[in-house]
Amino acid sequence: MKEKGLYLRGETWWISYAGPNGEDVRESSKSGNPDVAKRLLKKRHQHVQNERDGIKKFTTGKQERVTLGELLDALEEDYKLNGKREGEQWRIENVRKALGGLMARSITTSRLRAYATSRQKDGAKPATISRELEFVGAAYALAIKDERLSFAPHMPELVIENVRTRFPTDDEAADVLEEIRKRSPAAYDFYLWISNAGMRPKGMGDLEWRDLDRARWELTIRAITDKSGNARVIPIDGVLREIVERRWKARLPGAVFIFTRDSGKPLNTKQARQKIRVHIWNKACLAVGIKPEIKGGGLAGYDLKRYALRNRRDAGQSEERAMIFSGHKTTSTFRRYAITTVNDLRQDQAKVDAYVSGKPVETPAIVPPLPYKRPYKRAVSSGKARKA
């Protein structure tokens, strides 16, 4: 007698059952033995009940066999297709070496927390570990979107305290930029653009001549070249226009990218930008008596971004318009860059003191008291009837 939920397809027994949400699920037992199919069906019924009772997430046969490495492969393919996260594949490799061979369904929050602990023991910083876990979360999100999985573990959150508070003063910025101009005109234009527009160095390295409208002097920032995927158009006037005109005159025949090294090699890779940081920025800082950022603590070229955004704020530009230049999507992130210094607070306190010292003393008006009134007392009846 044929049992409910079992049917034969060719020489292989299949099972059919209702999923956690009542959906029809069909799965091969990969066996010609009906007893194997019965055991698998019983196992699936228990999995469905566990999901409904909140004990464990329900997984199908295909979901049980997919590994985290396969999810990471799919994520890399998606990034290549959409041109995202260029130069960060090494973060995926760290996760792949440690967890890639495990089944995706076996990855739990506690296991990811153990991975984070292991990476910390290896000397990795919390920000690095957080970015690696970010890739894991993105891989699960893509798998759910592609209907390869129906669940995802919660990603552990690490406390990251790497918000930089250093930025150059006006004199420091002027001295360093002047020293860079003497050493490399191309690097000077690159860093001067950061100090004025407040754009990310990587996004600048990806700017191409086709993005520039020289008739209207407007620059289009394509979403694929922006970290936040934020497409926008910025005007090229003043200092920015002078920089573009110098780059236009210095460009080599067939040049694609706006910002290059003096040799004409583009700055669209991390390695190329690192070279000008080591050979130009660091040496220029040392020449003017400023400690460059070498293993933390000094002045970095990226600090010019913070310097630019603070200048835009002090000039009265609204946060929304300044964010069009910088590429920030949220005001909370933008405000991390617009730093308030101790000198700013001193100036504010001086304004408060001047206001208070010049404020006339006001004598409070005397309000006469209201005349006293005796409270009215209501007679209370005893409730007893009078005797005749």
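The values are calculated or read from the model by the stated rules, or taken from the named source; none is laboratory data. Keep in mind the model is a prediction, meaning the values are calculated, not measured. A quick note on method: Cβ atoms are made from the backbone with ideal geometry, for glycine too, and the neighbour counts reach across all protein chains shown.
Considering only region 274-301, state which residues are outside any loop (DSSP other than H, G, I, E, B), of a type in the set (Lys, Arg) and in contact with a helix residue (DSSP H, G or I) (Cβ under 8 Å, 6 or more places away or on another chain).
283
For region 184-226, how many residues meet the condition of being over 11 Å from residue 305 (Cβ atoms) and part of a loop (DSSP other than H, G, I, E, B)?
Of the residues in that region, 9 qualify.
Every residue, every condition in (1) crowded, with 16+ Cβ neighbours inside 10 Å; (2) not hydrophobic (A, V, I, L, M, F, W, C), yes or no:
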{"residue": "246", "(1), (2)": "no, yes"}
{"residue": "270", "(1), (2)": "no, yes"}
{"residue": "282", "(1), (2)": "yes, yes"}
{"residue": "308", "(1), (2)": "yes, no"}
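Name the residue, out of 98, 127, 143, 138, that is part of a helix (DSSP H, G or I) and over 21 Å from residue 73 (Cβ atoms).
The conditions single out 127.
Tell me, which residue of region 106-139 that is over 13 Å from residue 96 (Cα atoms) and aliphatic (A, V, I, L, M) is modelled with the lowest pLDDT?
Among those that are over 13 Å from residue 96 (Cα atoms) and aliphatic (A, V, I, L, M), it is 127.
For residue 268, are the conditions met, namely being among the polar types (S, T, N, Q) and in contact (Cβ under 8 Å) with a residue 24 or more places away in the chain?
So residue 268 fits the description; yes.
Looking only at region 1-39, filter to residues that are in a loop (DSSP other than H, G, I, E, B) and under 19 Å from residue 65 (Cβ atoms); which one of those is farthest from the chain's Cα centre (by Cα)?
Applying the filter and picking the extreme gives 31.
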